Structures are given as C-alpha cells and as structure tokens.
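The values are calculated or read from the model by the stated rules, or taken from the named source; none is laboratory data. Nothing here was measured: the structure is a model prediction, and the numbers come from that model. Please note: Cβ atoms are built from the backbone with ideal geometry, for glycine as well, and neighbour counts cover all protein chains shown.
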Amino acid sequence: MTSTGGPAVIGLLGGMSWPSTVTYYRAVNEGVAARLGGSHSARMVVWSPDYAEVESRQLAEDWHGAGELLAEGARRLAAAGADVLAIACNTMHRVAGAVGAACDLPLIDIVEVTAAATRRRGITRAAVLGTRFTAAGGQFTGALAAHGVEPVLPAPGDQRLIDRLIYEELCLGTTNERSADEFRRLCERLRGEGVDGIVLACTELGLLLPAAERAAPEVVDTVDAHVAALVTASLAHLSN
C-alpha cells in the first residue's frame, strides 16, 4: 500500500467541522501510539476547507456542489501522498461516490464501519442521531438493516433539537452543560422507548458526552468506530 515500508498514510477530508477534526487527529495518533508504542504517531495528511462553504451546500441541499468540493480535496490528498481516504463527517458521506471517483485510493467508509461495530455490540434496535440530512439520506438505515439492526430515526421535534445543537453550537466549537443535559435526556427517553443502542451519527455529537458515557456499550460513536478502522488500515501491512 505504501512505498516506504512504514504505515500507510491516512488522507483525512476534515474541517466539517474543525472541532470534530481535532478529535480525529488526536484519536488517530493515540490509536497508532497504543499499537506501536514509544514515540510513534500516525502518518496523516488533512485537507480542511472553509466549513462555511460546506455548510452552505448542505443547507441548500446542493449535493452535486458538495461532491465537487470534496472530490477536489480527495485529489489534493492523493497528490500529497495519501494511501487511504476518509471523510470525517457523516452528513458528507452522501457524496462518497464523488470522492471515490476522484482518485484510485480506497475510502474507509464511516457508515459501514459504524454499522458493523453496532452489530458487534449485540445491539438490535438503534437510534440514529445526526443531522436531518444524515437521517434523510438513508445510508445509515440501509447499512444497519443490512447488519441485522433495526434503525430508529428521531421524531421531528427531536431532530430539530439535534440540528440546533450541531449547527448552532458544536460546529462552532461551543459546548455547554445545558445542551449536554438536553441531549442526555433525549437519549434516556429513547432508551425508555425501546432502543437498545444509540448511534452518534454526527462526528460532533460525542463532544457533548464525557469519555465514560461514550464508552457505554449501548453508545456507538461514529468517530470511535471510524478511527479504529483507520488505524487498522494504516498499520495492517505491518503485521503481514
């Protein structure tokens, strides 16, 4: 996969938004260090656009324009020496086809690795919490169903709450205890309504919860699942 004999270079399409990309960068490096020990860190290049451009395309549902934007990012990452690609955003997975067509690099699919992780937890009925575009896109519902997990989408009022937390606070780097409490109450109510799993299907939502709560067996954070897959992809050939 890589011509140098070292770990494969991860190409991260980030900046959607920057707070979650900071989480990715730290987690990927920590994951590589845990596997290799010593002073090792990840080989990674990051392409980060102006998030305002991304957000405007999302809100206008201009998925063609969004796909062109990320395809350009993918080409830049390939030119910079990336060996594998990842989109550090669930909503923008809707344009994964355009990213995949932009270059020959393999794309580590955030939706697929999350669906597989959800099934491995023994979860059978999972609430999918992300932007309204993620909910409407159908990627998560299809992937979870293919793994034998029943997806549950938020009710309209709950979806408005989630969108507000994401777009008006988390994507701007803002977190507060009031919002965290609102989100916890939503998750508790969903559990009471019969779901046995919560999929944090937005890369910012994990910022609302401390590590101990995200580590609960019924909570599947897409960032955690994606990072684990990226670390494995980067280091896979070293164990061959």
When region 74-119 is checked residue by residue, the ones that are aliphatic (A, V, I, L, M) and under 25 Å from VAL195 (Cβ atoms) are ILE110, VAL111, VAL113, ALA115, ALA116, ALA117
Reported set for region 145-178 where residues are of a type in the set (Gly, Ala, Ser) and closer than 29 Å to GLY122 by Cα is ALA145, ALA146, GLY148, ALA155, GLY157
Report yes if ASP163 is among the acidic types (Asp, Glu) and free of Cβ contacts under 8 Å to residues at least 60 places away in the same chain, otherwise no. yes
Which one of these is in a loop (DSSP other than H, G, I, E, B), surrounded by 22 or more Cβ atoms within 10 Å (Cβ to Cβ) and on the phi < 0 side of the Ramachandran plot: ALA86, ALA82? ALA82
Candidates ASP83, ASP50 - the one that is at pLDDT 95 or above and closer than 30 Å to GLN159 by Cβ: ASP50
List the pairs whose first member sits in region 125-144 and is under 16 Å from ILE166 (Cα atoms), whose second member is basic (Lys, Arg), and whose Cβ atoms are under 6 Å apart, counting only residues at least 6 apart or on separate chains? none
Report whether or not ALA228 is surrounded by fewer than 21 Cβ atoms within 10 Å (Cβ to Cβ), among the aliphatic types (A, V, I, L, M), touching a residue at least 24 places away in the same chain (Cβ under 8 Å) and in contact with a Gly (Cβ under 9 Å, 6 or more places away or on another chain). yes
Any idea how many residues of region 187-209 are assigned to a helix (DSSP H, G or I) and buried (at least 20 other Cβ atoms within 10 Å of the Cβ)? 6
Based on this model, can you work out whether ASP163 counts as more than 24 Å from TYR51 (Cβ to Cβ) and of a type in the set (D, E, K, R)? no
Quick one: in region 1-58, which of the residues that are in a helix (DSSP H, G or I) and acidic (Asp, Glu) is nearest to THR222 (Cα to Cα)? GLU30
